[in-house]
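Working notes, structure below.
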Amino acid sequence: MITQTVSRRYAKSLMAVAVERGASLEEILADLDNAAVFLAEQPRILEMFKNPKLLMSERLGALERFLAASHLQPLNQNFLRLLLRKQRMDILGGIVEEFRALADAQAGIIRAEVSSAAPLTDAVVELVRSRLATRFGKQVILSLAVEPELIGGLVIRVGSLAFDGSIRSQLKAMQSQLLEGVPLS
């Protein structure tokens, strides 16, 4: 919870500076996401950035070598330097997610996860997208997943909302209703 709050604060600050400078939010996000993925895949480098036994000048030197090889935008380079100085490199992934949410909100976009038992046809995907766009009044970006254990139907998640129209959940509901009506001995 605290990490999410801190991540949100850094993301809001970065957003404010990016908007003030007229930077492309998509490019800022892509750069930061690439850096976060790289650091997640290279835990030794992240550990070095967090190591209190190393002098800050040594950690900054290592970051400068990383930045020279990464070709990040100057705003993102400065942001990563700030994170290193504030000893917050470990929350970069959370900051990226918070920044993505802020950029989506500013652009009028929502993201929805759609799970189905089998791959959906293009027509069904567009139907789901248009219904969600109508319901929320925003542009919808769908992320599709196939989960055979659903048996049939769809499960749609938008933020903290979930719409479960799967056969699996319907069968569980029927099972509960049947068990409630049967006296246990």
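The values are calculated or read from the model by the stated rules, or taken from the named source; none is laboratory data. Computed from a predicted structure; not experimentally measured. Here the Cβ is made from the backbone with ideal geometry for all residues, glycine too, and neighbour counts use every protein chain on show. These area figures cover heavy atoms from the full protein model, side chains too; ligands, DNA and RNA do not enter into them. Shrake-Rupley method; radii C 1.70, N 1.55, O 1.52, S 1.80 Å.
Would you confirm whether or not the stretch 152-173 contains a residue that is surrounded by fewer than 12 Cβ atoms within 10 Å (Cβ to Cβ) and of a type in the set (D, E, K, R)?
Checking the stretch 152-173: not a single residue is surrounded by fewer than 12 Cβ atoms within 10 Å (Cβ to Cβ) and of a type in the set (D, E, K, R).
Mind checking whether some residue in the stretch 103-123 is surrounded by fewer than 14 Cβ atoms within 10 Å (Cβ to Cβ) and among the hydroxyl-bearing types (Ser, Thr, Tyr)?
Yes.
Only one of (1) open to solvent by less than 20 Å² (accessible area, probe 1.4 Å); (2) of a type in the set (S, T, N, Q); (3) modelled with pLDDT under 95 is not met by SER70, so which one is it?
(1)
Could you please let me know if ARG129 is in contact with a helix residue (DSSP H, G or I) (Cβ under 6 Å, 6 or more places away or on another chain), surrounded by 15 or more Cβ atoms within 10 Å (Cβ to Cβ) and of a type in the set (D, E, K, R)?
no
Looking at the structure I just gave you, is GLY93 within 24 Å of the chain's Cα centre (by Cα) and either closer than 30 Å to LEU32 by Cα or surrounded by 11 or more Cβ atoms within 10 Å (Cβ to Cβ) (or both)?
Yes: the conditions hold for GLY93.
Go through (1) more than 14 Å from TYR10 (Cα to Cα); (2) in contact (Cβ under 8 Å) with a residue 60 or more places away in the chain for ILE91 and report which single condition fails.
The one condition ILE91 does not meet is (1).
Pairs only if they're at least six apart or on different chains, beta carbon under 9 angstrom, first in the stretch 72-83 and farther than 17 Å from ARG59 by Cβ, second not in a helix (DSSP H, G or I); list them, first residue then second.
The qualifying pairs are GLN73/ALA23; GLN73/SER24; LEU75/ALA23.
Listed residues ARG65, ARG88, ARG44, ARG59; which is open to solvent by 80 Å² or more (accessible area, probe 1.4 Å) and touching a Phe, Trp or Tyr at 6+ places or on another chain (Cβ under 8 Å)?
ARG88
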